[in-house]
Amino acid sequence: MSTATSKVMRVALRGDSILTHPRFNKGTGFSTAERKAFGLTGRLPFCVNTLEEQCVRAYDQLLVREEPIRKNSFLQSLKDQNWVLYYGLLTRHLKELIPIIYTPTQADAIANYSHLFRRSEGMYLTFPNEETMERDFLEQTKGRDIQLFVVSDAEAILGIGDQGVGGIGIATAKSAIYTLLAGIDPSKAVSVTLDVGTDNQGLLNDPLYVGWPNKRIRGAAYDRFVDKFVQLVRKHHPHSLLHFEDFGIGNAKRLLDLYHDKHAVFNDDIQGTGAVTLAALTSAVGVTKSKLSDQRIVVYGAGTAGLGITRQLRDGIMAIDRLSEADANKKFFLLDRFGLIKQSLGSSKIRPDVREFVRPDAEWADASANERGEVGLLEVVKKVKPTVLVGCSTQAGAFTEEVVKEMAKHTERPIIFPLSNPSRLVEVHPSDANDWTGGKALLATGSPFPPCKQPNGKEYVIAECNNALIYPGLGYGAMITQASIMTDTMIIAGARRLASLSPALKDPDNALLPDFSEAKHVNFEVAVAVAEQAITEGSAGVEWRKEDIREKIRENMWIPEYAKFVYDERGEK
Ligand SMILES: NC(=O)c1ccc[n+]([C@@H]2O[C@H](COP(=O)([O-])OP(=O)(O)OC[C@H]3O[C@@H](n4cnc5c(N)ncnc54)[C@H](O)[C@@H]3O)[C@@H](O)[C@H]2O)c1
Ligand SMILES: O=C(O)C[C@H](O)C(=O)O
Ligand SMILES: [Mn+2]
């Protein structure tokens, strides 16, 4: 594998320009020869440090910052100064630091974006500047080999809703995770916020809000603005992957369907979450020695993620257990704000994209409905006797002790996935679900939680069913093979590879998914599976032999190590 230390880069910057450029700055890592060549001898203290020594220093600086949000701000500043050191530090402390740069802490960073702002990062495409979008876009991308765009309009950030221009924080966090866990070169990725205003009144009332202080644009004007951006991506970077993140419930699926067969696009909340949950459930049914099609699945929260999960599990049941779509759909019971999504709720309470999962009215549904004709979660659990309960509702504590114990009456090993993020929104704390079921529940959460104590004294590791365990590999596998589109079969191939790595397959008392400390290896394997599938099915734009895929992927990965710099008077290479 060719690593950066064996690489030589020709760089045209010198002096302050190279010291202040995060892609090229090495700080005390510049060798004596490089300092002479780039005019740095008088700009740096005498000692030359290795990256390892710099990581020790940076980690010490991190540790003195006790609050997670302060650690987050420190790491943001480190990224603004020196990419290799930032990613080198994260790689050395993966499990400890991902919750700092990602959920749950990044939620606080985004919610307070205008008060934490010190330096811009990424591309801000703002509605009033629509006329100059192409110029603004090319300012940052002209002449660059861009493999990845991560874009958000910030209408549904995690579970904290509309965050306006702060949405750039989810795009940069997701992009950083691509680099950290799949080896995307950060110089080949662009994070984008589509600032189309915000309906968050707290932000609009905030005199320090740095985004466009306007109500959110919707309808034809919104669609035109988004389309202008997508067409720029297609025109200037036809082989790039376009990753949609945290769009609102009325746009996420609609935009995915609009562009799905025109460019390699991916909606993480729909497809990434669906894939990681399919892997977690595949692992859980391995523990219970049952099949996906044996399950009765209640999905609480029929939004972007809830529908993405339902569709992916349904497609998985069809592909793996060979059921028809109609028969597979019957395994699902979806609830939203109005309780069970059933025929008699009427079209005003059933969004068009949910229609394929509307339950025909069963007597029990009408018999147990309230005065508004709605059937709540406890009633559904009593009557449906689910084996699987998935939460993506943003409703903290929704899976009450009564609900969990009711579920446990009807199934030996309740499979409970409270997936809402950040941590404070989790539908049930895993330790409670564990206690209320006498250690029988098979658990996975959206954000990291500590292990639980089982009645036999053993520790039960709670799997983090977060799309970051799979989306980097899904995306990398597609982009490195220049796949023209991200197909459902590529996604299922990635999900099945992830499931095959589950610790619970070897030890049923172990976690349902690999630990985040293994996330680089896991996403590498997912990328291989996706690349193999893309090449097999003819979606790839490269002609690799299957036996070469692993090596090709490995040699293209960006590693956080210093290359040797040679000054180039002719211009940056
Ligand atoms: N673990 C993961 O990888 C992952 C991935 C995506 C989303 N999520 C989390 O899932 C949650 C939802 O995300 P989303 O993008 O789908 O948001 P969304 O707004 O599209 O969906 C939320 C859904 O929950 C419903 N809901 C709200 N209150 C409810 C209630 N009281 N009862 C039942 N349903 C209710 C809403 O009507 C909506 O349909 C967020 O917390 C998000 O962080 C987790
Ligand atoms: O961002 C995450 O942690 C996962 C997911 O995309 C979410 O929106 O919660
Ligand atoms: Mn998301």
Report task. Give the residues of region 308-319 that are of a type outside the set (V, I, T) and more than 8 Å from ligand 1 (Cβ to nearest atom), sorted by residue number. Result -> R311, Q312, L313, R314, D315, G316, M318, A319
Query raised in the report: Which number in (1) more than 16 Å from ligand 1 (Cβ to nearest atom); (2) part of a loop (DSSP other than H, G, I, E, B); (3) over 21 Å from K235 (Cβ atoms) marks the one condition that A154 misses?
Result: (1)
Requested in this report: Give, as residue ranges, the helices (runs of 4 or more DSSP H) completely inside region 1-120 that count at least 2 residues that are closer than 22 Å to L180 by Cβ and out of contact with any Lys or Arg (no Cβ under 7 Å at 6 or more places or on another chain).
Outcome: 51-63, 68-81, 83-92, 94-101, 105-111, 113-116
Report summary line: Checked against (1) in contact with a Ser or Thr (Cβ under 8 Å, 6 or more places away or on another chain); (2) surrounded by fewer than 22 Cβ atoms within 10 Å (Cβ to Cβ); (3) part of a helix (DSSP H, G or I), S187 satisfies every condition except (1)
**Report entry** Evaluation of A468 against (1) away from ligand 1 (no atom under 16 Å from the Cβ); (2) farther than 22 Å from K289 by Cα; (3) not in a loop (DSSP other than H, G, I, E, B) (one fails), failing number
**Finding:** (1)
Query - Pair list, Cβ < 6 Å and 6+ apart or interchain, from region 385-402 residues that are at positive phi to residues that are within 13 Å of ligand 2 (Cβ to nearest atom) - result: T394/G159; T394/S420; T394/L425
Report task. Could you check how many residues of region 213-262 are in a helix (DSSP H, G or I) and not aliphatic (A, V, I, L, M)? Result -> 16
Report summary line: Contact list, first residue from region 18-31 and surrounded by fewer than 19 Cβ atoms within 10 Å (Cβ to Cβ), second anywhere and hydroxyl-bearing (S, T, Y), beta-carbon distance below 7 Å, six or more apart or interchain, is R23/S187
Report task. Kindly indicate the residue of region 161-187 that is within 13 Å of ligand 1 (Cβ to nearest atom) and under 15 Å from the mean Cα position of the chain (by Cα) and also farthest from R23 (Cα to Cα) among those meeting that condition. Result -> G167
Query raised in the report: Does L194 fit the bill of being within 16 Å of ligand 2 (Cβ to nearest atom) and farther than 18 Å from G473 by Cα?
Result: no
Query raised in the report: Are any of the residues in region 320-339 free of Cβ contacts under 8 Å to residues at least 24 places away in the same chain, closer than 22 Å to E406 by Cα and assigned to a loop (DSSP other than H, G, I, E, B)?
Result: yes
**Report entry** Selected residue (only one of Y476, Y471, Y460 is at pLDDT 95 or above, within 16 Å of ligand 3 (Cβ to nearest atom) and of a type in the set (F, W, Y))
**Finding:** Y471
Report task. Might you check whether a residue that is touching a Lys or Arg at 6+ places or on another chain (Cβ under 9 Å), near ligand 1 (Cβ under 10 Å from one of its atoms) and touching a residue at least 12 places away in the same chain (Cβ under 8 Å) occurs anywhere in region 210-233? Result -> no
**Report entry** Index of the failed condition, A275 passing every other in (1) crowded, with 24+ Cβ neighbours inside 10 Å; (2) more than 13 Å from ligand 1 (Cβ to nearest atom); (3) within 25 Å of the chain's Cα centre (by Cα)
**Finding:** (2)
Requested in this report: Could you name every one of the helices (runs of 4 or more DSSP H) located completely within region 353-416 that has at least 2 residues being closer than 27 Å to G250 by Cβ and hydrophobic (A, V, I, L, M, F, W, C)?
Outcome: 377-384
Query raised in the report: Does at least one position in region 462-476 carry a residue that is touching a Leu at 6+ places or on another chain (Cβ under 9 Å), among the charged types (D, E, K, R) and more than 30 Å from A540 (Cα to Cα)?
Result: yes
Query raised in the report: Inside region 234-248, can you point out the residues that are of a type in the set (A, V, I, L, M, F, W, C) and within 16 Å of ligand 1 (Cβ to nearest atom)?
Result: F244, F247
Query raised in the report: Only one of I249, I317 is β-branched (V, I, T) and more than 16 Å from ligand 2 (Cβ to nearest atom); which?
Result: I317
Requested in this report: Take region 423-446 and flag every residue that is part of a loop (DSSP other than H, G, I, E, B) and buried (at least 24 other Cβ atoms within 10 Å of the Cβ).
Outcome: V426, E427, V428, A441, G446
Query raised in the report: Here is a list of conditions, (1) touching a Lys or Arg at 6+ places or on another chain (Cβ under 9 Å); (2) closer than 14 Å to F338 by Cβ; (3) modelled with pLDDT of 90 or more, and V388 meets all of them except one; can you say which number that is?
Result: (2)
Query raised in the report: Which is over 25 Å from A279 (Cβ atoms) and crowded, with 20+ Cβ neighbours inside 10 Å, of G373, G346, G339?
Result: G339
Query raised in the report: Does region 282-289 include one or more residues that are among the small types (G, A, S) and within 16 Å of ligand 3 (Cβ to nearest atom)?
Result: no
Query raised in the report: Any residue at all in region 292-306 that is in contact with an Asp or Glu (Cβ under 7 Å, 6 or more places away or on another chain), within 27 Å of I416 (Cβ to Cβ), assigned to a strand (DSSP E or B) and within 16 Å of ligand 2 (Cβ to nearest atom)?
Result: yes
Query - Qualifying residue in region 162-174 (condition: within 16 Å of ligand 3 (Cβ to nearest atom), assigned to a helix (DSSP H, G or I) and either hydroxyl-bearing (S, T, Y) or surrounded by fewer than 19 Cβ atoms within 10 Å (Cβ to Cβ) (or both)) - result: yes
Query raised in the report: Could you say which residue among L90, L51 is surrounded by 14 or more Cβ atoms within 10 Å (Cβ to Cβ), touching a residue at least 12 places away in the same chain (Cβ under 8 Å), closer than 30 Å to A156 by Cβ and hydrophobic (A, V, I, L, M, F, W, C)?
Result: L90
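The values are calculated or read from the model by the stated rules, or taken from the named source; none is laboratory data. These numbers were taken from a predicted model, which means no experiment stands behind them. Ideal geometry is used to build each Cβ from the backbone, glycine not excepted, and the neighbour counts take in all protein chains shown.
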